[in-house]
1. Would you work out the charge dipole size for chain A about its Cα centre, treating the Cβ of every Lys and Arg as +1 and the Cβ of every Asp and Glu as -1, and quote it to the nearest 20 debye?
2. So what's the back-of-envelope 222 nm ellipticity for chain A, counting only DSSP H runs of four-plus at -39500 (n - 2.57) apiece and dividing by all residues, rounded to 500?
3. Based solely on its DSSP helices, what 222 nm [θ] is calculated for chain B when runs of n ≥ 4 H residues each add -39,500 (n - 2.57) and the sum is averaged over all residues, nearest 500 deg cm²/dmol?
4. Taking the Cα centre of region B:3-75 as origin, work out the dipole magnitude from +1 charges on Lys and Arg Cβ and -1 charges on Asp and Glu Cβ, in debye rounded to 20.
5. Taking the Cα centre of the protein assembly as shown as the origin and placing charges on Cβ (Lys, Arg +1; Asp, Glu -1), which of B:Val73, A:Gln24, A:Asn72 is farthest toward the positive end of the dipole?
6. For A:Thr46, list long-range residues whose amide hydrogen, built 1.01 Å from N in the peptide plane, is under 5 Å from its own amide hydrogen.
7. By its C-alpha gyration tensor, with a ≥ b ≥ c as the square roots of the eigenvalues, how is chain A shaped: rounded for a/c under 1.5, else prolate for a/b larger than b/c, else oblate?
8. Shielding of B:6-17 by partners, i.e. mean partner chain Cβ atoms within 10 Å per residue?
Amino acid sequence: MSKLSIIVYSGTDDKLIPVGVIAQGAAAMGMDVQIFVTGWALTKFTKKPASPVWPKEFENMVPLLMEGMKKNNAPSWVDMLKEAKSMGVKIYACSLMASVMGLKKEDFNELVDDVVGVATFLQNSEGGQTLFI
Amino acid sequence: MSEKEKKVIDARGLSCPGPITNLTKAYRNAKNGDVLEIWATDPGFKSDIKAWIERTKNELVDLKEDKDKIIAVIKITAKK
């Protein structure tokens, strides 16, 4: 089975939308998918996730984006990840960055399967494609 | 193929990757010989269904577009 690994670093919601789309789409294509959440993105996977954050240069386009998502019946990135997980996608939080931010396993929400180190991620991703978002 | 095994998956109004997701869910419960017909309005579906077929090695029996939807007919042949 072909494999896809996604490193999710960005904590802005515009970049989390393609994470949801690609993860769900790859799972639907029968790929073995793992997501490694690190950096600023960790703040979006906690039990009290950070409010939506948008890049400054596109802030004035956010209403258009949100309206378009609604009009196209597109689910939120969280719902896309939930759908992806129902098809077997695994989501891991980076242990180093979690510690740096003072986050323990119990601080993460139900999207996160486990807190793992980079060796686990590299071992799981070997021989497949990797995206950095 | 018996007509009673044909199943329609109505994915109209769903954005990418909703139609392919619903197809995959139906595929899980399908058997070889089953025929699935998917209705979609997402403009990416026409190329996505070909990619799905290429990956899963099932058979695309028909792919057409009528006034308000894309219709793909698939025969399940690659279940192990």
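Rule-based calculations on the coordinates, nothing more; no lab input. A quick note: this is a predicted structure, and the numbers were derived from the prediction, not measured. Cβ placement follows ideal geometry from the backbone for every residue including glycine, while neighbour counts extend to all protein chains displayed.
1. Details: 13 positive and 14 negative charges, 25 e Å.
The calculated dipole for chain A is roughly 120 debye.
2. The helix contribution divided over chain A gives -11000 deg cm²/dmol.
3. So the helix-based figure for chain B works out to -9000 deg cm²/dmol.
4. Values: 15 positive and 13 negative charges, 47 e Å.
Its charge dipole is roughly 220 debye.
5. Most positive-ward Cα: B:Val73.
6. Here A:Asn109 satisfy the definition.
7. Taking the square roots of the gyration eigenvalues as a ≥ b ≥ c, chain A is oblate.
8. What the average comes to for B:6-17 is 3.
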